[in-house]
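A short write-up of the structure that comes next.
The values are calculated or read from the model by the stated rules, or taken from the named source; none is laboratory data. Note that this is a predicted model, so its numbers are computed, not measured. Glycine gets a Cβ as well: all are built from the backbone with ideal geometry, and neighbour counts include every protein chain shown. These accessible areas exclude ligands, DNA and RNA; they are computed on the full protein's heavy atoms, side chains included. Shrake-Rupley method; radii C 1.70, N 1.55, O 1.52, S 1.80 Å.
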Amino acid sequence: NLIRGAYHFYRPDEDPIKQANSFIKSARLESGDLPPVLDIEKLPRKKSKKQLVEDLKVWLKIMEETFGAKPIIYTYYHYYKDNLEGEFDDYTLWLANYNDVPSPSPNNDWSFWQFTEQGIAYGVNVKIDLNVYNGNIWTLQQLILD
């Protein structure tokens, strides 16, 4: 009864098509899973911000065409505000926001909030990430793959 998923840690100086193909080959997403999650945390060293945005759109389009659903974008609060805001407004947003800024509010346009990387869960012997979903079970089920 768990919803699972897979994420891709995006490397901004590498080819987005090769990265997309690698994800498709590695991730075994099935009906009932979350759509692909794009984890973008780094700025490119060899490309402009404009090229980064274009490359991310290529990766996202390939995922949507392959899996039939819009991917989720995972990033840090400041990274999103400084580099992505306004470019990906129609994508589900998963924000990592631990303690340096106020928490996302229900009025903000985010769906998931990773609020700690120091969480504790029964049966797990290491610290884990903990997240909150900004919705209900019905809206969460609308995100999952058919």
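A few notes on this one:
- Candidates THR92, THR75, THR66: whichever shows maximal mean-square fluctuation once the chain is modelled as a Gaussian network with Cα springs under 10 Å: THR66
- Checked against a 26 Å cut-off, the cross-linked pairs LYS61/LYS81; LYS57/LYS127; LYS42/LYS127 give Cα-Cα distances beyond that limit for LYS57/LYS127.
- Sulfur and carbon atoms: percent of accessible area, the chain [1.4 Å]: 49 percent
- Looking at the chain, the accessible area is 62 square angstrom per residue; that uses a 1.4 Å probe and ignores ligands, DNA and RNA.
- Straight-distance crosslink candidates among aspartates and glutamates, where the alpha carbon sits under 14 Å from LYS50 and sequence neighbours closer than 8 are dropped: ASP13, ASP82, GLU85, GLU87
- Each stretch of four or more DSSP H residues adds -39500 (n - 2.57); spread over every residue of the chain, this sum gives -8000 deg cm²/dmol at 222 nm.
- Paramagnetic reach from LEU145 (point 7 Å along Cα→Cβ, amide N under 14 Å) across the range 1-39: 3-8, 21-38
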